[in-house]
1. Report, in cubic angstrom per residue, the convex hull volume of the C-alpha atoms of the range A:228-374.
2. Note down the Stokes-Einstein diffusion coefficient of the range B:315-440 in µm²/s, whole number, using a Kirkwood radius over alpha carbon pairs, 37 °C, and 0.692 mPa s.
3. Of all DSSP beta bridges in the protein assembly as shown, what percent run antiparallel (nearest 5)?
4. Mind listing the Cα extents of the protein assembly as shown along all three principal axes, in Å, largest one first?
5. For A:Gln53 and A:Lys234, compute 0.36 nm times the residue count separating them, minus their Cα-Cα distance, and round to one decimal in nm.
6. Between B:Asp343 and B:Glu23, 0.36 nm times their residue separation minus their Cα-Cα distance comes to what?
7. If the only charges are +1 at each Lys and Arg Cβ and -1 at each Asp and Glu Cβ, what is the size of the charge dipole of the protein assembly as shown around the Cα centre, to the nearest 20 debye?
8. Just to be sure I understand the rule: take each whole DSSP H helix in chain A, project its Cα atoms onto its long axis, keep it if the span is 27 Å or more and its mean Kyte-Doolittle hydropathy is at least -0.5. Which ones pass?
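The values are calculated or read from the model by the stated rules, or taken from the named source; none is laboratory data. Note that this is a predicted model, so its numbers are computed, not measured. When we count neighbours, we look across all protein chains shown, and the Cβ atoms used for this are built from the backbone with ideal geometry, even at glycine. Calculation scope for accessible area: heavy atoms of the full protein, side chains included, ligands and nucleic acids excluded. Shrake-Rupley method; radii C 1.70, N 1.55, O 1.52, S 1.80 Å.
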There are 2 protein chains.
Amino acid sequence: MSTVDQPVPAPVIARSTDPLGVEVPSTVPTHWYNLNADLPEPVPPHLHPGTHQPLTPPDLAPLFPMALIEQEVSTERYVEIPQTVREIYAMWRPSPLVRAHRLERVLGTRARIYYKYEGVSPVGSHKPNTAVAQAYYNAVEGITKLTTETGAGQWGASLSMACSLLGLTCEVWQVRASYDAKPYRRFQMETYGSVCHPSPSDLTEAGRAILAEMPDTTGSLGMAISEAVEAAVKDPEAHYSLGSVLNHVMLHQTVIGQEVLVQLAEAGERQADVVFGCAGGGSNLAGLTFPLIGQNLREGTTTRSVACEPAACPSLTQGEYRYDHGDVAGLTPLLKMHTLGKDFVPPSIHAGGLRYHGMSPMVSHAVNLGLMEAVAVEQDDAFAGGVLFARAEGIIPAPESTHAVATAIDYARTAQEGEVILIGLSGNGVLDLPAYSAYV
Amino acid sequence: MSTVDQPVPAPVIARSTDPLGVEVPSTVPTHWYNLNADLPEPVPPHLHPGTHQPLTPPDLAPLFPMALIEQEVSTERYVEIPQTVREIYAMWRPSPLVRAHRLERVLGTRARIYYKYEGVSPVGSHKPNTAVAQAYYNAVEGITKLTTETGAGQWGASLSMACSLLGLTCEVWQVRASYDAKPYRRFQMETYGSVCHPSPSDLTEAGRAILAEMPDTTGSLGMAISEAVEAAVKDPEAHYSLGSVLNHVMLHQTVIGQEVLVQLAEAGERQADVVFGCAGGGSNLAGLTFPLIGQNLREGTTTRSVACEPAACPSLTQGEYRYDHGDVAGLTPLLKMHTLGKDFVPPSIHAGGLRYHGMSPMVSHAVNLGLMEAVAVEQDDAFAGGVLFARAEGIIPAPESTHAVATAIDYARTAQEGEVILIGLSGNGVLDLPAYSAYV
C-alpha cells in the first residue's frame with residue numbers, strides 16, 4: 001500500500017433494492033402510523049383537476065408508483081416499513097430525543113423541555129424519512145428517474161441522497177430565490193449525482209408560460225411543482241416525487257412521533273403536555289404529532305399539538321379552508337386544505353422550507369377538527385429563539401425549526417411546574433448560517 | 001398562548017461549570033486514555049523557546065490552566081473526565097461506529113469496512129471533544145475569555161460552541177484564505193457569540209510584522225497561532241487554546257478510539273486490522289488510533305494505524321523529525337515533531353484542517369517508533385473517494401476525512417477475505433460543498 005495512485009471512478013452506481021440482510025435494531029420503527037385509522041371523520045378526498053370528482057388510482061399512476069397511491073388512500077392503522085428502507089433509516093434512526101437541561105437552566109422554567117432532533121440525518125433534516133421510502137417504491141416498480149421541486153433545498157438534497165442510495169437518477173427544479181441565494185444545497189444535490197435547475201425554467205411549458213408572464217419572478221414552490229410534474233408526465237421512465245403535503249408523505253414521517261412515544265416513556269414521562277412543530281407543507285409537523293394525536297384519540301392522553309408557521313406565509317392562521325391546487329399551473333389534483341391561494345407568492349423569508357401557499361390536507365383537517373392548534377411567528381422572533389437555543393444547547397436550529405423553538409421558549413417562561421414541553425427540531429441550520437449572520 | 005409577541009433576548013449567558021446532576025449513559029467514556037503510559041520510550045519534552053531547556057509548568061501558566069499543563073506532561077494511563085464535560089459529551093457521544101455495507105457492495109471488497117463518524121457533533125467534526133474540555137478547565141480556573149486560531153474553521157466553531165456552553169467569551173484569528181473563502185464557519189462562530197478576525201491582522205504585533213513583510217499573504221495556521229498567543233499573553237483574564245498538536249489535545253480526543261474498542265467488540269470483531277485516519281495537526285488521528293496502539297502494546301493485538309496526509313502538506317512523509325516552533329513568530333515552545341519548517345506556507349487546498357507545517361509530537365514520536373505508518377494523498381484522489389463514499393453511504397465526508405476514505409477504498413479493493421478496515425470519518429463536508437462542486 002502506498003498512496004492512492006489512480007482516480008477512483010465515481011459514477012452513480014446502480015444499486016439493488018434487495019435488503020442487505022443485516023439486522024436492524026428494534027429501536028428503528030417497523031411500521032408507519034396512519035392517523036386516518038383513528039380520525040372521527042375521514043379526510044376529504046383529493047379531486048381530479050378536470051372532473052372535480054374524487055381521484056382514482058389510475059389518475060395518479062403517471063406520477064406515482066402503485067404502492068404510494070395505495071398509501072395515499074389507506075385507512076390501515078399501521079403500514080409495514082420495507083426492510084431495505086429500515087436498513088437505510090438505521091443510518092440515523094432512531095433520532096435523539098434530548099432533555100434540554102441547559103435551556104431549562106437559562107430560562108429558569110418550571111417545565112421539563114425535550115427536543116426531538118432530526119438534524120442527525122446525512123442531509124441534516126427530517127426529509128429523508130419520506131425520500132428514502134419514495135425512492136424505494138419507485139425503484140421496485142422499475143422507475144429509473146424521479147423529478148421533484150425544492151424550496152430551500154432540504155427536500156431536493158434528501159431525494160438526491162435517496163436516489164443515489166437506491167440507484168435512481170434525480171432531476172430537481174429549485175425555486176429561483178433559493179437557487180441563487182443558497183448554492184450549497186445545489187452542490188449537495190450534485191455531489192449525490194443529481195441535476196438541479198432554477199425554477200421557473202425554460203425547460204418546461206409551465207416554466208416558459210410563467211416566465212412569459214413574470215420574467216423577473218423569484219419563483220415559488222407552486223411553480224416548481226408544475227415544472228417537475230410536467231417533466232415526469234412526459235417521460236415514461238420517470239415519476240414525480242413530492243416532499244410534503246400528500247397523505248403518504250405524512251405517513252412516512254410518523255417514524256418521528258412513534259419514536260417520541262417510546263423515548264418519552266423511557267425518560268419516565270407519561271406524555272408530552274404540549275408539542276411545538278414548525279409547519280410549511282406540514283410533513284414535519286404531522287410526523288411529529290400524528291402518533292401523539294392518535295394516542296389522544298385512542299387512549300385519552302391530552303397532548304396539545306401546536307403548528308408554528310411563519311407570519312409571512314400563514315396558511316393555517318390566515319388562509320381559507322377550501323379545495324385548491326397544489327401548484328400554480330393547476331396540474332395537480334384539487335386538495336382540501338388551508339390555502340393562501342395557488343397564486344400567492346410568499347416573500348423571500350429565510351425559512352424557505354415553510355414558503356408554501358397551502359398546507360397538508362391531513363394537517364388542515366386535524367386543525368379543522370380541533371385536534372391541533374396553530375400560531376404564526378414573526379421571523380425576528382423566530383431567530384431570537386434560535387440563537388438562544390444555539391447558545392444554550394449547542395445546536396443551531398434550521399430557520400424552519402426556530403418557529404417551533406421560539407414559540408416553545410415563550411411558552412416555557414410561564415409554564416406550570418412539571419409541564420412537559422416537546423420541541424420538534426426538524427433540522428439543523430448549518431447551511432442557513434448566512435441567515436443567522438444577518439440576524440446576529 | 002398566542003404568537004411570540006416580544007423578541008427573546010439572546011446575549012452570551014454566563015453558565016455554571018457545576019454539573020447538571022443528570023445521569024450520563026455508561027456508553028460515554030469516563031476517562032481519557034494516555035498513550036504516554038504505554039510507550040516504550042517517553043515523548044521528547046517541549047523546550048522553552050528562549051533557553052532551549054525543557055518547559056516547566058510556570059512557563060505555560062500565562063497560556064493554559066494548571067489542569068491542562070499537568071495533562072500535557074502526565075504519564076497516568078487514564079485521566080478522569082469531569083462530570084460537566086461528560087454531560088456535554090453525551091449530547092453526541094458515543095459517536096456511531098457504522099458498518100459500511102453499501103460501500104462494501106459497491107467495491108465488491110472481501111473486507112468488512114467500518115467507519116467511526118464524528119460528524120454528529122453540533123459543529124460537524126471531532127474538534128468539540130477537546131474544545132469542551134479546554135473551555136471547562138479554563139472556566140473552573142476563573143478565566144473569562146479564550147483566544148485561538150483556526151484554519152478552515154472547524155476548530156474555531158468548536159471552541160466557540162464550547163465557550164458558549166460554559167459561559168466564556170471567545171476571540172478567534174482565522175487564516176485569511178479560509179476567512180475569505182469559507183464565511184459560513186465565521187457565521188457559525190458569531191452565532192455562538194464569538195468574535196472572528198482574519199489573520200494576519202493589524203490587531204497584534206505579530207500580525208503587523210507579518211503584514212509589513214508579506215502584505216498579500218493568505219495566512220497560515222502558524223501566523224494565526226502567533227496572533228492568538230500574543231493576545232492571550234497580554235490579557236490577564238484570557239488564556240489561549242490550541243485545537244491540535246499538543247499532548248493534552250491528543251488525550252481528550254481518545255474518547256474516539258476508546259469507543260471504537262467497545263463498539264468493535266459489540267460488533268463481534270476481535271480487532272480492526274487496519275485503521276485509516278487523516279492527519280493535519282494529528283488530533284483526529286491520535287484520538288482514533290492511540291487507544292488501539294495502546295492495546296497492541298499491552299495486549300498483543302496487531303492493528304495497523306495509517307496516517308493519511310495531503311500530498312500538498314506532507315509533514316510526516318516529507319518533513320524532518322526535529323525541534324521546531326509551532327508558530328511563525330517563534331512565540332511557542334520548541335516541539336520535537338515532523339515539520340516542513342515553521343515558515344512553510346502550504347498551498348490553499350480544500351482540506352484547510354490539514355494545512356499545518358508540523359505534526360503532533362506524540363504522533364511524530366509514534367511514527368518514529370514504528371507504531372504508525374504514513375501515506376500522502378493527492379487532492380483529486382481524496383475527493384474521488386469522498387464522492388464514492390457519499391453516493392454509497394449517504395454521508396458527504398469532510399475534505400480532511402476524504403484522505404482517509406480514499407486510502408481505505410484503495411486498500412479495500414485488494415484486501416484479504418475477512419479483513420477489518422476502519423475509517424476515521426473526522427467530520428462531514430456540509431460546509432465544504434463548494435469544494436465538492438469544484439471537483440464534481
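1. Working: hull volume 18.1 nm³, N = 147.
So the per-residue hull volume is 123 Å³.
2. Numbers: Rh = 16.0 Å.
Calculated translational D: 205 µm²/s.
3. 35
4. 90, 59, 52
5. Numbers: separation 181, 0.36 × 181 = 65.16 nm, distance 2.38 nm.
The A:Gln53-A:Lys234 span can extend by a further 62.8 nm.
6. Numbers: separation 320, 0.36 × 320 = 115.20 nm, distance 4.81 nm.
Result: 110.4 nm gained on full extension.
7. Details: 54 positive and 92 negative charges, 126 e Å.
Taking the Cα centre of the protein assembly as shown as origin, the dipole is about 600 debye.
8. Values: long enough: none.
Membrane-span-like by this criterion, though nothing is claimed about a membrane: none.
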